[in-house]
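One structure is given below, encoded as structure tokens.
The values are calculated or read from the model by the stated rules, or taken from the named source; none is laboratory data. The structure presented is a predicted model; accordingly, all values stated were derived computationally and were not measured. Here the Cβ is made from the backbone with ideal geometry for all residues, glycine too, and neighbour counts use every protein chain on show.
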Amino acid sequence: MGKHNPERAMTEIRREFGEHGGVCPCISRSSTFTVMEPDTMPEIFEGLRGPDKGGCFLYSRHFNPTVDVLARSLAAMEGSEFAACTGSGMAAISCTLLQLCHTGSHIVASDTIYGGTHAFLKDTLPQMGVETSFVDPSDTEAFEKAIRPETKVLYTEVLANPTLKMADIPALSKIAKAHNLTLIVDNTFTPLIFSPIALGADIVVYSMTKFINGASDVIAGSVCASKDFILQLMDLHTGRIMLLGPTMDPRTAFDISQRLPHLPLRMREHSRRALAIAKHLEELGAPVQYPGLPANKHHDRFKAQMNEEFGFGGMLTLDCKTTEKANALMSHLQNKENFGYIAVSLGYFDTLISCSGSSTSSEIPVEDQAKMGLSPGLLRIAIGYTGDLADRLSQVERAVKAVGLV
Ligand SMILES: *Cc1c(COP(=O)(O)O)cnc(C)c1O
């Protein structure tokens, strides 16, 4: 199998021009669509004439032309057959899991995942009779050992949030195939850097709120999968996106479509700066973790799976050990050095800094945080690409020295 080249694939699909030949596509905001001949309406409802079959659109909770433009670009980027867009990353994740799991089903999931996903698996799905076993994402054998006869899904992030542990996607794919399971991968931290479908994943989910949109001004998600699975999600009788209704607004789809073409440029620059800052912190003796540093435990596994031209991503961590020290460093970085903002989320053009244990991972009980190797003083830093890089290196150096981290 040749390596998937996401950047090439994104330009190979049919260009969508605007109504008057505009270089931007138009925004099709209609909630409903005219049927020219009355006898086509029943055929549309039977699924015989939908846009997937070259036919017409029906209603925008089902398919919408502008949302479709974005979905096609995402499918090309991921190398998946089809894609669907949703109103949030959590909608993409929860609808996908609810489509695949029913009362009595079992899931094996990474224990180091986004807090909302963890809460959904640990607290919400059990109320519907779906149980999850949590395992270390870097321990492939642990996934296999946790499989039961009723297991339906293996679930992981490639680069774990926030401990930056790496999952071995090709190995997990082999296990999933051997046991007839669906491997779902959340690639939110590493779009373009990893192409999980080419590595053997069945379904890729995204929070497009982060790097893909890149401007921290919309909440959005997507599911990239086979055509068959996306049509299941959109089924008029049992489709979880169609019936639970977390639809993407066409205006949001347009905004993201206009930013997707420069995602490759942005990812390269996030990676270049994060590597420079991580190296500088390492030289200063700071407790930095970044997958691009050869000393990082997961460096080799990352390299084996990455699309090299996009680098090692924009996420690094600094373990300040205690919440007090983490807070002092965040405050210094924001208020004295103007290095970035104390805020959750990631993938913005400015740097965002948060203390995971007391923010995005706070849904995870403290005992479980300790088990997954999440220290209460772990700062997650999502490196942006604004400002002069040499200034950034001086700012971070002054800050870690001021709080006594080095
Ligand atoms: C933010 C995030 C989500 C949730 O996405 P929303 O768009 O906020 O619903 C899921 N997974 C990861 C890895 C995230 O960072």
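The set of residues in the stretch 189-226 being part of a loop (DSSP other than H, G, I, E, B), more than 9 Å from the ligand (Cβ to nearest atom) and touching a Cys at 6+ places or on another chain (Cβ under 8 Å) is empty.
In the stretch 269-290, the residues that are closer than 14 Å to Ala382 by Cβ never reach a residue that is among the hydroxyl-bearing types (Ser, Thr, Tyr) and in a helix (DSSP H, G or I) with C-beta atoms less than 7 angstrom apart, at least six apart or across chains. The criterion of at least 2 residues that are in contact (Cβ under 8 Å) with a residue 40 or more places away in the chain and surrounded by 14 or more Cβ atoms within 10 Å (Cβ to Cβ) is met, among strands (runs of 3 or more DSSP E) falling completely within the stretch 293-406, by 315-319, 378-382. Taking the criterion of being of a type in the set (A, V, I, L, M, F, W, C) and within 22 Å of Glu131 (Cα to Cα), the residues of the stretch 159-175 that qualify are Ala160, Ala167, Leu172, Ile175.
State yes or no: is Lys174 more than 16 Å from the ligand (Cβ to nearest atom) and either over 14 Å from the mean Cα position of the chain (by Cα) or farther than 21 Å from Gly104 by Cα (or both)? Let's see the steps before the verdict.
Values: more than 16 Å from the ligand (Cβ to nearest atom): yes; either over 14 Å from the mean Cα position of the chain (by Cα) or farther than 21 Å from Gly104 by Cα (or both): yes.
In short, yes.
The single residue among Arg61, Arg72 that is of a type in the set (Lys, Arg) and over 30 Å from Asn307 (Cα atoms) turns out to be Arg61.
For the stretch 269-286, the condition holds for no residue, the condition being that it is assigned by TED's automatic domain parsing to the domain that holds Ala167 and on the phi > 0 side of the Ramachandran plot.
Go through the residues of the stretch 234-241 one by one and say whether even a single one is more than 16 Å from the ligand (Cβ to nearest atom) and either assigned to a helix (DSSP H, G or I) or outside the structural domain of Thr96 (by TED's automatic domain parsing) (or both). Give the steps one after another, and end with the answer.
Here is the first cut: in the stretch 234-241, the ones more than 16 Å from the ligand (Cβ to nearest atom) are 234-239.
With the extra rule that they be either assigned to a helix (DSSP H, G or I) or outside the structural domain of Thr96 (by TED's automatic domain parsing) (or both), the set shrinks to none.
No, there is no match, as no residue in the stretch 234-241 is more than 16 Å from the ligand (Cβ to nearest atom) and either assigned to a helix (DSSP H, G or I) or outside the structural domain of Thr96 (by TED's automatic domain parsing) (or both).
Note on the stretch 113-153: among residues that are within 16 Å of the ligand (Cβ to nearest atom) and part of a strand (DSSP E or B), the one that is nearest to Ala92 (Cα to Cα) is Val153.
Residue pairs whose Cβ atoms lie under 8 Å apart, sitting 6 or more positions apart in sequence or on different chains, and linking a residue in the stretch 5-21 that is over 27 Å from Glu308 (Cα atoms) to a partner that is assigned to a helix (DSSP H, G or I) and aliphatic (A, V, I, L, M), are Glu16/Val69.
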